[in-house]
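Everything on this sheet refers to the single structure shown next.
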Amino acid sequence: MNYTHRIGEEIRTIAIFIAVIWGVFLLDRILPLETFGLIPRSEKGIIGIIAMTFLHADLKHLIGNTIPLVVLLSLLAGSQADSRKIVAFIILLGGLLLWLFGRSNSIHIGASLLVFGLATFLVVSGLLERRIIPLLISIIVVIMYGSTLIGGIMPLQQGVSWEGHLMGGIAGAITAWLLVKLR
């Protein structure tokens with residue numbers, strides 16, 4: 001397999017994905033798109049399972065998710081896994097878990113479910129694969145985001161979907177386990 005070609009292709013895909021998130025953010029300044037966020041156990045909130053990743057409250061929220069998304073997606077880019085399927089599975093499974101178990105009096109938005117899912121995926125898959133490169137990536141992720149992963153699932157900050165972080169992490173771990181065990 002030509003990893004150089006694949007990484008180049010993945011980097012373009014990452015750029016497009018991030019551009020779409022930023023485009024939706026800009027469009028949300030004109031249209032009330034945040035209403036499409038995930039509302040747990042609500043028929044109206046089902047669309048949020050997918051839409052929430054693209055919706056952000058403000059510029060600080062968007063930048064706070066963009067930077068780790070670029071880093072984590074780039075770390076995933078050179079792996080043997082299909083990045084698109086991993087991202088889709090984490091978004092769908094994490095969103096479904098959040099829809100089932102999240103606070104029903106909230107609209108959950110933001111890409112942090114995906115950020116936590118990717119970080120957890122990279123750590124768990126590195127530990128399960130027991131190969132040097134995935135293990136090194138696991139260590140890098142733990143060093144860069146370990147305290148954020150722990151702190152982010154604590155219900156400490158007002159207006160932060162800690163359940164989204166937790167469900168994203170669970171989805172990332174399940175995705176890693178399935179990918180490694182079914183390989």
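The values are calculated or read from the model by the stated rules, or taken from the named source; none is laboratory data. Just so we're clear, the structure is a prediction, and the values are computed from it rather than from any experiment. Every residue, glycine as well, gets a Cβ built from its backbone with ideal geometry; the counts of neighbours run over all protein chains shown.
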For this session: Would you mind finding the one in G126, G117 that is buried (at least 22 other Cβ atoms within 10 Å of the Cβ), modelled with pLDDT under 95 and not charged (D, E, K, R)?
Result: G126
Seminar exercise, completed: Scanning the stretch 124-143 for residues that are in a helix (DSSP H, G or I) and either within 13 Å of K181 (Cα to Cα) or of a type in the set (D, E, K, R) (or both) gives V124, S125, G126, L127, L128, E129
Exercise. Of all residues in the stretch 41-80, which are part of a helix (DSSP H, G or I), under 23 Å from W99 (Cβ atoms) and among the polar types (S, T, N, Q)?
Worked result: T53, N65
Exercise. Can you pull out the residues in the stretch 25-40 that are touching a residue at least 12 places away in the same chain (Cβ under 8 Å), out of contact with any Gly (no Cβ under 8 Å at 6 or more places or on another chain) and either aliphatic (A, V, I, L, M) or under 23 Å from F101 (Cα atoms) (or both)?
Worked result: L33, E34, T35
Exercise. Surrounded by 20 or more Cβ atoms within 10 Å (Cβ to Cβ), more than 16 Å from S161 (Cβ to Cβ) and at pLDDT 95 or above - does that describe any residue in the stretch 76-87?
Worked result: yes
Exercise. With respect to G102, is the statement that it is surrounded by 14 or more Cβ atoms within 10 Å (Cβ to Cβ), closer than 20 Å to K60 by Cα and in contact with a strand residue (DSSP E or B) (Cβ under 7 Å, 6 or more places away or on another chain) true?
Worked result: no
